[in-house]
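Here the structure comes first, spelled out in structure tokens, and everything after it is commentary.
Each reported figure results from applying straightforward, stated rules to the coordinates on display, with no laboratory input. Just so it is clear, the structure is predicted and the values come from calculations on it, not from any experiment. Here the Cβ positions follow ideal geometry from the backbone for every residue, glycine too, while neighbour counts run over all protein chains shown.
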């Protein structure tokens with residue numbers, strides 16, 4: 001629901017439970033970043049997309065890719 005709201009309000013939410021970026025990831029190599037605070041999510045000439053993952057303690061994992069209409 002959070003990412004659906006992000007599409008509707010043009011606002012990327014901050015990253016939760018990741019206050020300190022992992023030193024085991026070279027953050028300079030890709031287009032991925034942790035957001036310390038919410039920021040505007042501008043619309044471009046292509047649909048915006050977001051990936052949402054969920055990991056359960058019993059081993060259940062799920063991932064969905066959302067695209068704005």
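For the reader, a short list of remarks on this structure follows.
- Only one of 64, 52 that is surrounded by 11 or more Cβ atoms within 10 Å (Cβ to Cβ) and outside any loop (DSSP other than H, G, I, E, B): 52
- Only one of the numbered conditions (1) part of a loop (DSSP other than H, G, I, E, B); (2) in contact (Cβ under 8 Å) with a residue 40 or more places away in the chain is violated by residue 7, and that is (1).
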